[in-house]
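Take a look at the structure below.
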Amino acid sequence: MCTKRYRESGKTESTERGASPGAEREGRKVHAILLQPPPGDLTGPYPALAYLKASASRAGFAVSIKDLGIEALGFLTERGRIDCLLRKAGSLRKELEGKSTLNSAELHRYTLLVSAVGLEQSPDLVRDSMAVLKNREKFYDYRRYKKACLLVEAFYRLLSAVHFPTRVTSSEYPTVRESGSFENVMAHCAREVNPYIEYYEEVVFPYIAAKNPRVVGISMVFPSQSVQALVLGRMLKQRFPEVHVVLGGAYLSQWVLLMNDARLAGVFTCADSVVCGEGEGPFCELLDRVVNGRELQNVSNLIYLDRPSSAIRRFSTLVYADPADLPPPDYSDLDLGAYLTPQPVLPYCISRGCYWGRCAFCQNRYGDHGIRRYQAVPVEKALAEMSMLADRYGSNHFNFSNDAIDPGYLKRFSQALLDKGLKFIWNTDLRAEKAFTEELCRQMALAGLNCVAIGFESGCQKTLDAMDKGYEVQTVRQVMKNFYDAGIATEAMGIFGFPGETREDGELTVRFIAENVDRISYYVIGLLMVLPGSKLYENPHQYGISSISLEQNPLRTPEPVWRSESRMSARSVNYLYERLSSLEDEYAINDYPYVGALSTNHGFLYFRLGPDVLKRLRQEEKKRLGRLGAILGNSLQAGTAKFKLLVPRRNLPCTVYSSPFPVEEGRADQLEREWAASATMRDYLVDPVNMPIPVSPGQLKLLRRVDGHRNIKAILAKVPETGSEQLISFLLYLAHRGVIVATGL
């Protein structure tokens, strides 16, 4: 439909193949630029913009896409910029040390600034760590890998120290919900609090000026991108008032449908229009109207500001694309080698919607519009497109971006892969259906299925029934075993806090994890949110929810506060998470977004080594530290031959920093306390990845003798003023924190 209209406006077949005579005639290099704002997944691209580009290109429009999250990381980690950040951190640190007292917020910032001293020892470590994550050999050397991940996060701590109170990580940024007001959101237009402004001004805006597009689109997929998306839109409207700025994305769609016109007015200071839901068709319609100077009335899924009348116009019916009619995603504008993975992993939407569609908590619709029905790409089309993508981008690794694929489709898909001899490695989300038998799981493993994420949700059958999951706990146990035994990694995803769930019910979930060690590769348990579009939100009283309120949420973001007399207490929730923490030794290797979770690509790639790889790595790490502790402990009593062979060396560059203030000694219940400078300076061991460690003179003397040549016996002999037991405990602590490693184990 879009293609037909565009041809009727005078475009030719050559336009549809990529030429853009209309753009050239207008002095434009592209019709539209699509931006994914930070923070984003540093391990691979999102599929949304690539699908929009492909659909627009098929309709004859020239569109360019940019992933600002990974590009900004490359920009900000240039050596000169890291040096500049470190100089700013040093100046800010000295400024705080010039005060006689620090309040709690200043002390918090001061701690971050002191920790940044560790990166001063070797600023190149940040770029080196990024290179490790891109190197196939080093990526799978877990000790190198873990160190590299910690160094990347240390860089974001440096950003947080300089741009305080903004806290930044590789995957998080303060959200609109946390900001509390539109004025606070717009405060992030300032360089002082937003680390990405410099990148926008020096790279993104000149790029847009050079390309001279008619439309710029910004995708808000997650809450963590909400502030950056609005800030970027506001700055674009100020610098390029003639450009039509359109916002879109899953999170934004839920949000704007909760807002009345008065609240939407703030959004429209940052954009001209908003596309809700799936955007392939609506984006083509919007481009057609803007490029040809036509009214936006009746564009599918569009909310827009009619500037002549100052009225906000809304679509009437939400429409969805049929994946059978969509072209494959187009990643050609992205530098796939920039992502922090040793090889590209390509997102591919093999289905949309959920064939079950009944889970009470699932956010399965936008506002009061209908549920998105389940549709899958025909098997032959999927295989042809995946083959084309593999050839074009040099990777046979695919991350299926979908809700859940039905077992019948996966059986046909796997058999077709085997019949054609195609070698793809892929992962997906699934429901625990009885249809996933041992035989089918083995077939899917042979066809390249590497890992699956399964929403088991709860180990309590009563809770599962209340959720309308449609399966039994025993079915989940068996299905996970079938996948795991076939060599397919399993991520178990659960929820605490469903209405009516008791602490005892939650204990069954903890027990489920503990009793299924032999069939779970990784787990993640979240806290229930009552989201717009879910049955909980639409029919709260049916589930015992007494109220759902946005009163404490001035900007009406889609995270309401809900209350229920049958809601589990906060104390019980905390207790259950403490119970889960006792299982960490078996499962958790690194936190999101790195290895483990299937939502990023490091877990996917590491699971190439087997479904039990994370547990093996954790056990190897524990054994190594255990051997070190056993040797040192025995040496104090009877002495061992191995004791003389232990030679520690520094694994991280470190230094000693003398501080007039206590570092990391604040408490949550002391927020208003002021911390006075001490006449006695405190010494802290500072390295690039750990928070500062308080140290004594004897511990410092011991550490200075660690040079990779002396053995531990020789080192201890020269520190007589401190007890050996204390020093050995200190050595074990440093080994656990990764500051030193010991050869000879």
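Quick notes on this structure:
- Residue, surrounded by the most Cβ atoms within 10 Å (Cβ to Cβ), within the range 271-296, restricted to residues that are in contact with a strand residue (DSSP E or B) (Cβ under 7 Å, 6 or more places away or on another chain) and in a loop (DSSP other than H, G, I, E, B): G279
- Test: residue in the range 298-314 that is surrounded by 18 or more Cβ atoms within 10 Å (Cβ to Cβ) and under 30 Å from C149 (Cβ atoms): no
- Residues in the range 699-717 that are of a type in the set (K, R) and either surrounded by 13 or more Cβ atoms within 10 Å (Cβ to Cβ) or touching a helix residue (DSSP H, G or I) at 6+ places or on another chain (Cβ under 7 Å) (or both): K701, R705, R710, K713.
- For the range 322-358, residues that are surrounded by fewer than 20 Cβ atoms within 10 Å (Cβ to Cβ) and more than 30 Å from Y140 (Cα to Cα) total 9.
- Odd one out for T509, checked against (1) crowded, with 21+ Cβ neighbours inside 10 Å; (2) touching a helix residue (DSSP H, G or I) at 6+ places or on another chain (Cβ under 6 Å); (3) not basic (K, R): (2)
- Failed item, numbered, when Y523 is tested on (1) touching a Ser or Thr at 6+ places or on another chain (Cβ under 6 Å); (2) in a strand (DSSP E or B): (1)
- Restricting attention to the range 105-149, the residues that are polar (S, T, N, Q) and either surrounded by 16 or more Cβ atoms within 10 Å (Cβ to Cβ) or farther than 25 Å from D683 by Cα (or both) total 4.
- Residue in the range 318-329 that is part of a loop (DSSP other than H, G, I, E, B) and in the same structural domain as V215 (by TED's automatic domain parsing) present: no
- Among (1) surrounded by 19 or more Cβ atoms within 10 Å (Cβ to Cβ); (2) modelled with pLDDT of 95 or more; (3) outside any loop (DSSP other than H, G, I, E, B) - the single one A492 does not satisfy: (2)
- The condition of being farther than 29 Å from V656 by Cβ, under 26 Å from the mean Cα position of the chain (by Cα) and of a type in the set (A, V, I, L, M) holds for only one of L68, L151, that being L68.
- Note on the range 661-745: enclosed helices (runs of 4 or more DSSP H) holding 3 or more residues that are modelled with pLDDT of 80 or more and under 17 Å from K644 (Cβ atoms) are 712-717, 724-736.
- Residue match in the range 401-419 (condition: in contact with a strand residue (DSSP E or B) (Cβ under 9 Å, 6 or more places away or on another chain), modelled with pLDDT of 95 or more and in a strand (DSSP E or B)): no
- Unique match (being touching a Leu at 6+ places or on another chain (Cβ under 6 Å) and more than 16 Å from L49 (Cβ to Cβ)) among I371, I312: I312
- Candidates P308, P342, P347: the one that is touching a residue at least 60 places away in the same chain (Cβ under 8 Å) and either assigned to a loop (DSSP other than H, G, I, E, B) or more than 28 Å from G44 (Cα to Cα) (or both) is P342.
- Only residues that are within 27 Å of N292 (Cβ to Cβ), of a type in the set (S, T, N, Q) and not in a helix (DSSP H, G or I) were counted in the range 210-265, giving 2.
- Residues (acidic (D, E) and touching a Phe, Trp or Tyr at 6+ places or on another chain (Cβ under 9 Å)) located in the range 264-314: D272, E278, E280, D288
- Each residue in the range 215-255 was checked for being more than 16 Å from P532 (Cβ to Cβ), among the polar types (S, T, N, Q) and under 16 Å from the mean Cα position of the chain (by Cα), and 4 pass.
- Unique residue being over 27 Å from M220 (Cα atoms) and acidic (D, E) when the list is E120, E172, E183, E178: E120
- Residue match in the range 23-38 (condition: modelled with pLDDT under 95, touching a strand residue (DSSP E or B) at 6+ places or on another chain (Cβ under 7 Å) and under 30 Å from R234 (Cβ atoms)): yes
- Boolean, R563 is in contact with a Lys or Arg (Cβ under 8 Å, 6 or more places away or on another chain) and either among the charged types (D, E, K, R) or without any contact (Cβ under 8 Å) to a residue 12 or more places away in the chain (or both): no
- Failed criterion for V30 (all others in (1) over 22 Å from the mean Cα position of the chain (by Cα); (2) in contact (Cβ under 8 Å) with a residue 12 or more places away in the chain; (3) not in a loop (DSSP other than H, G, I, E, B) hold): (3)
- In the range 447-480, of all residues being of a type outside the set (A, V, I, L, M, F, W, C) and in a helix (DSSP H, G or I), the one that is surrounded by the fewest Cβ atoms within 10 Å (Cβ to Cβ) corresponds to Q474.
- Figure legend. Inter-residue proximity from the range 228-249: first residues outside the structural domain of K29 (by TED's automatic domain parsing) and surrounded by 23 or more Cβ atoms within 10 Å (Cβ to Cβ), second residues at pLDDT 95 or above and not hydroxyl-bearing (S, T, Y), beta-carbon distance below 9 Å, spacing 6+ or different chains. No pairs are indicated.
- Scanning the range 548-566 for residues that are surrounded by 12 or more Cβ atoms within 10 Å (Cβ to Cβ) and over 16 Å from G497 (Cβ atoms) yields a count of 7.
- Qualifying residue in the range 71-90 (condition: under 30 Å from Y51 (Cα atoms), among the β-branched types (V, I, T) and either modelled with pLDDT of 95 or more or in a helix (DSSP H, G or I) (or both)): yes
- Per-region count, the range 567-579, residues in a loop (DSSP other than H, G, I, E, B) and surrounded by 14 or more Cβ atoms within 10 Å (Cβ to Cβ): 2
The values are calculated or read from the model by the stated rules, or taken from the named source; none is laboratory data. Just so we're clear, the structure is a prediction, and the values are computed from it rather than from any experiment. Every residue, glycine as well, gets a Cβ built from its backbone with ideal geometry; the counts of neighbours run over all protein chains shown.
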